[in-house]
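Reviewing the structure listed below.
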Amino acid sequence: MIKKRSNTISRLEFMTFLILFISTGSIFSQVQSREINKKPIPNLEQALSFEEFLGYVKKYHPLMKQADIMLGIGEANMLKARGGFDPKIEVDYDRKKFKETEYFDQLNATFKIPTWYGVEFKANFEENTGEFLDPSLTVPEGGLYNVGVSFSLAQGLLINERMASLKKARFFRNQTKAERDLLLNNLLFEASNAYLDWLEATNEQEIYASFLENASQRLKAIGKSIKAGDKAAIDSIEAGIILQNRQLNLEAATLKKRKAALVVSNYLWINDVPVEIREDIVPVVPGIKTLEASLAIKGGITSTDTLLENHPKIVSLNAKIDGLSVERSLKLNKLLPKIDLQYNFLSPEFDQANRFNTANYKAFINVSFPLFLRKERGDLKLTNLKLRDTNLERMFTSLQLQNKIEAVNIEIISLRKQNALIDTIVKDYETLVKAEERKFFLGESSLFLINSREQKLINAQLKENKLAVKNLMAIAKLYNTLGI
């Protein structure tokens, strides 16, 4: 009897030692899986950090080059508008000869210099001969020189098509630059989200791999207990089901990770060649400062009004409004009568300035004015409506951006609190699972209770992982909302 009790105590001590060893290994494995988000991966050849990833996106992604094309379009429009003020040389030559008779031989060469306020300076040379020449075209034998100026008195004086085109081109250039910034901003935001989704899937896989190891060790320990006669055989079946469920979860998590890695590969290019991420490459959790530095957030939010004023979307709308304002001024100018004047000094010799005087001149005046102005009034009304629509859009966009910035800041603050709470919850669940395992091997619990506790721990760790990534995504969303 005494000997039998001694054997029982010895077996109990052995089982207690085994429980402590397994439990310690289990908890260490769980804590290690939780800490994976906080430790850099030592083998840099098998890791792709967030800053490295965004560096590749910024340098090689095709949309970055497409954004530069948008700037080129703005510059091309600017160059085209400036062409309206280029000096011009015009040469007209007309001759008719029939049956040895020269009807006329006309040469007219002109050099024009357009200026900003619709004033145009020009110099002209004409030489006309022939038996049937119009008498009004008769000039001295060596030709006739003239210098003069043409301008508009009402319509076209303060603003004209050339002036309006150049002003609108300047505003369009600012608009294309703002739209380029928006395009790049959205590209980096989408790329950041893809990377963080990949990070979440990788951590999820690590969590399931850790608990698969726990289930495998528990099944082995239960098998030994069954052989020793301390556990029923049915416990082995239940432990096997738990192990299979862990394997199933791990396989699903592995698939999710691979799909997320392929999405990240969409943003990786090197010298116009797409790059695919290998299966052994893993992401690295960026620190908050690293994330902000990579996304170019400096100093945080200081003044919402200043941020909104410089936001690319607002800058784009302001440029659009400025362009429509120029268009409106041009349409208003069209309501005035058209009065074009031209005056030219005439001289048979160009090398003597005193030969050009008011005694010899050629003048021209043209006056026109539509009676009803229906076309001009219609154009003005359409422009006013477009201007009003764009102003309303700017007001709505400004309010929308302001509310988005406030909402993202509230989200970041809330997620920080949630992350602190979930950390405490995970630690408490780890303590419960550890205690339940001890009770089970002492015969005071069951595999069902252990599995129930452990499943809650798994759910808590998955939520911890999701909240940690959501916090990083919220910072990326702030970058996107600010339009930096």
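Structure summary
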| read-out | value |
| --- | --- |
| Residue-averaged [θ]222 nm for the chain, counting only DSSP H segments that reach four residues, each worth -39500 (n - 2.57) | -22500 deg cm²/dmol |
| Ratio of the Cα radius of gyration of the chain to 2.2 N^0.38 Å, where N counts its residues | 1.78 |
| Full-extension gain in nm, GLU276 to LEU255, via 0.36 nm per residue minus C-alpha separation | 6.0 nm |
| ARG218 accessible area, assembled protein chains, probe 1.4 Å, Å² | 10 |
| Approximate spin-label separation ASP94-ARG82, in nm, with each point projected 7 Å along Cα-to-Cβ | 3.6 |
| Residues in the range 137-160 that a label on PHE111 would reach, taking backbone N under 17 Å of a point 7 Å out along Cα→Cβ | 144-150 |
| Extension gain from GLN342 to GLN247, taking 0.36 nm per residue of separation minus the Cα-Cα distance | 25.1 nm |
| Carbon and sulfur %, accessible surface of the chain computed with the full protein complex present, 1.4 Å | 58 |
| Percent of C-alpha pairs per 5 Å bin, the range 324-459, short to long | 2, 8, 8, 6, 6, 5, 5, 5, 6, 5, 4, 4, 4, 4, 4, 4, 4, 3, 3, 3, 3, 2, 2, 1, 1, 0 |
| At least 24 Å along the helix axis (C-alpha) and Kyte average at least -0.5, DSSP helices within the chain | 2-34, 62-82, 234-265, 312-333, 447-482 |
| Where the range 330-484 is the region considered: accessible area per residue in Å², 1.4 Å probe | 60 |
| Cβ-derived FRET efficiency at R0 51 Å, LEU385 paired with THR358, nearest 0.05 | 0.55 |
| Cross-link partners of LYS466 among lysines (Cα-Cα below 25 Å; sequence separation of 8 or more within a chain) | LYS38, LYS39, LYS256, LYS257, LYS259, LYS289, LYS404, LYS417, LYS427, LYS434, LYS456, LYS477 |
| Average accessible area per residue (Å²) across the range 65-178 - probe 1.4 Å, nucleic acids and ligands excluded | 62 |
| Length added when fully stretched, SER325-ALA209, from 0.36 nm per residue minus Cα-Cα | 35.4 nm |
| Å² of accessible area per residue within the range 198-267, as computed with a 1.4 Å probe and no ligands counted | 48 |
| Against the rule of thumb 2.2 N^0.38 Å, how large the Cα Rg of the range 155-213 comes out | 2.46 |
| Paramagnetic reach from GLU309 (point 7 Å along Cα→Cβ, amide N under 18 Å) across the range 463-484 | 482-484 |
| Label point 7 Å beyond Cα of LYS463 along Cβ direction - residues of the range 397-418 with amide nitrogen under 20 Å | 411-418 |
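The values are calculated or read from the model by the stated rules, or taken from the named source; none is laboratory data. What you see is a predicted model, and the numbers here were worked out from it, not measured in a lab. Positions of Cβ are generated from backbone atoms using ideal geometry, with glycine treated the same way; all protein chains shown enter the neighbour counts. Accessible surface is based on the protein model in full, side chains and every heavy atom, while ligands, DNA and RNA are left aside. Shrake-Rupley method; radii C 1.70, N 1.55, O 1.52, S 1.80 Å.
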